Amino acid sequence: MSNSIEDDSFSKPVGRWSVYCYGVGHMLNDITSACWFTYLLLFLTEIGLSSRDAAIVMLSGQIADGLATIFFGELIDRFGHFKIWHGAGAILVAVSFSSVFGGCIPCKLLSSFSTIVETVSYSTFAAIFNVGWAATQVSHMSMVSCITLNSTSRVVLASCRNAFTMVANLSLYGIAFIVFEVIRAETRADIENQYRWIAYLSIFIGCCFVGVFHLGTKEPRSKTGIHGDIHARISWTYWFLKILYYQVAIVYMLTRLVLNVSQAYLAFYVIDDVQMAQSSKALVPAIIYICSFVVSILLQEIAWNEQRLKAYYTAGGILWIFCGTAIILLPRSMSLFVYAISIFIGIANALMTVTAVSMQNVLIGQDLNGCAFVCGSLSFLDKISCGLTLFVLQSFHSSSPIVAGNYSTGNFSITRYGLGLVPAFCSLVGVAVTWTMELRIPSYKPLTETLLE
């Protein structure tokens, strides 16, 4: 009798306060990640590093992140204690991130600003930052499957997390907009000062929300099953024998490529290609995340099933294909249309992100003692693929910054391809793979009831 009561409570919708406290737990990661992907390459090239050296810094961080996700996923599956891993990772992120954008510390100590010393310095701090980032990400993502078995509540948790991702990004771009307006970049020192302030304020805001998460979220069960029995740790081979694992991995990886590659090249595109005002490198991303935030909130009120997950992901993918085409073809004289395109990009990002993460939770199902490995391995694919893609694009950018002129002469820049073609192609493949999936979503009774208590 007690087992059935415990099972029923584990399948009930998650309370509103618990959802919100969980949702803010990734804010530090999100706000620093937004700064990482939006401004790192821009910052490094503005202070004098070549495009290839900037790509090396990015790649070193992505590789460290990818390897760390596998490592932390295994440790969390073995020992549990999600909140401890989350807190330790948050501390490492807060300490190291300011050094990524705070200037070359070893250069000052060694009194040498050679390219090699700068590249090694920024790469080292980038790797440390991403190790902490991975610990926080894997622990936070894998918590969803251990908080509840209710499939709709899992989508709600993912949607709320995605909504606060938008809040984090908006906070960053609000900070960046003010900093870029107040501090004029005329020298290298001014540029470093701009990004240093952005980094410090981002860390402060993120740490405040990490505190809310740890105060308001209970440590979920992982080693104990839903009926109170102890489950053995699930072997990696269990997942490797599942076709759905590979399908979800591909869709998740492609979705993250869409988000990260487009975010990395957005600032370059609005400044270099369509030659908008400097403030637009904060304003355009802000519009994207406002739209994503609104859509993420609306998605929380939907009762999910297999067809809806596939349909909403497809809708987001199709939107991105149209947006990518518009980005590639948009002439400089029509730069104001970037604002309209950004609205649809925001909608597409939210649809694809929420549904892709939800597919990951469907894959995990009730196999809770393998949830961290799934999250870690999928994140590994995400980080490595993103790092290699950006490295290749930046290498082409380094050898030939402008392939030949602009749209008016019938030619395109690497930035246009990076922002337009790559996300559109990834979206197309992601949609195709989605419709080959067989998603078995359990129909708990609470699915027909009020979503949030």
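The values are calculated or read from the model by the stated rules, or taken from the named source; none is laboratory data. Fair warning: this is a prediction, and the values are worked out from it, not measured in the lab. Please note: Cβ atoms are built from the backbone with ideal geometry, for glycine as well, and neighbour counts cover all protein chains shown. For accessibility, only protein heavy atoms count, side chains too; no ligands or nucleic acids. Shrake-Rupley method; radii C 1.70, N 1.55, O 1.52, S 1.80 Å.
Could you list, in sequence order, the residues of the stretch 269-288 that are surrounded by fewer than 21 Cβ atoms within 10 Å (Cβ to Cβ) and within 21 Å of Thr389 (Cα to Cα)?
Answer for the stretch 269-288, where residues must be surrounded by fewer than 21 Cβ atoms within 10 Å (Cβ to Cβ) and within 21 Å of Thr389 (Cα to Cα): just Asp272.
Take the conditions crowded, with 22+ Cβ neighbours inside 10 Å, among the hydroxyl-bearing types (Ser, Thr, Tyr) and modelled with pLDDT of 90 or more and apply them to Thr38. Does it pass?
On the way: crowded, with 22+ Cβ neighbours inside 10 Å: yes; among the hydroxyl-bearing types (Ser, Thr, Tyr): yes; modelled with pLDDT of 90 or more: no.
For Thr38, the condition - crowded, with 22+ Cβ neighbours inside 10 Å, among the hydroxyl-bearing types (Ser, Thr, Tyr) and modelled with pLDDT of 90 or more - is not met.
Report whether or not Ser60 is farther than 23 Å from Ile84 by Cα, at pLDDT 90 or above and open to solvent by 10 Å² or more (accessible area, probe 1.4 Å).
On the way: farther than 23 Å from Ile84 by Cα: yes; at pLDDT 90 or above: yes; open to solvent by 10 Å² or more (accessible area, probe 1.4 Å): yes.
Considered against the rule, which asks whether it is farther than 23 Å from Ile84 by Cα, at pLDDT 90 or above and open to solvent by 10 Å² or more (accessible area, probe 1.4 Å), Ser60 comes out as yes.
What's the number of the condition Ile287 fails, among (1) closer than 30 Å to Glu74 by Cβ; (2) touching a Phe, Trp or Tyr at 6+ places or on another chain (Cβ under 8 Å)?
Here Ile287 meets the rest and fails (1).
Quick grid of which residues meet (1) of a type in the set (S, T, N, Q); (2) closer than 10 Å to Ile288 by Cβ; (3) at pLDDT 95 or above; (4) surrounded by 15 or more Cβ atoms within 10 Å (Cβ to Cβ):
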site: Ile318; (1), (2), (3), (4): no, no, yes, yes
site: Thr325; (1), (2), (3), (4): yes, no, no, no
site: Leu329; (1), (2), (3), (4): no, no, no, no
site: Arg332; (1), (2), (3), (4): no, no, no, no
site: Ala340; (1), (2), (3), (4): no, no, no, no
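Among the residues that make up the stretch 234-247, is at least one of them in contact (Cβ under 8 Å) with a residue 60 or more places away in the chain and either touching a strand residue (DSSP E or B) at 6+ places or on another chain (Cβ under 9 Å) or surrounded by 23 or more Cβ atoms within 10 Å (Cβ to Cβ) (or both)?
No; the residues of the stretch 234-247 include none that is in contact (Cβ under 8 Å) with a residue 60 or more places away in the chain and either touching a strand residue (DSSP E or B) at 6+ places or on another chain (Cβ under 9 Å) or surrounded by 23 or more Cβ atoms within 10 Å (Cβ to Cβ) (or both).
Just checking, which of Gln300, Gln275, Gln263 is touching a residue at least 24 places away in the same chain (Cβ under 8 Å) and at positive phi? Steps first, please.
Working: Gln300 fails: at positive phi; Gln263 fails: at positive phi.
Just a single option satisfies the conditions, and that option is Gln275.
For the stretch 174-183, name all the residues that are surrounded by fewer than 24 Cβ atoms within 10 Å (Cβ to Cβ) and assigned to a helix (DSSP H, G or I).
Of everything in the stretch 174-183, those that are surrounded by fewer than 24 Cβ atoms within 10 Å (Cβ to Cβ) and assigned to a helix (DSSP H, G or I) turn out to be Gly174, Ile175, Phe177, Ile178, Val179, Phe180, Glu181, Val182.
Which number in (1) modelled with pLDDT of 90 or more; (2) aromatic (Phe, Trp, Tyr); (3) open to solvent by less than 50 Å² (accessible area, probe 1.4 Å) marks the one condition that Phe209 misses?
(3)
If I ask for residues that are within 19 Å of the chain's Cα centre (by Cα) and over 12 Å from Trp197 (Cα atoms), which ones from the stretch 166-183 would you list?
If the condition is that a residue be within 19 Å of the chain's Cα centre (by Cα) and over 12 Å from Trp197 (Cα atoms), then Met166, Val167, Ala168, Asn169, Leu170, Ser171, Tyr173, Gly174 are the ones that fit.
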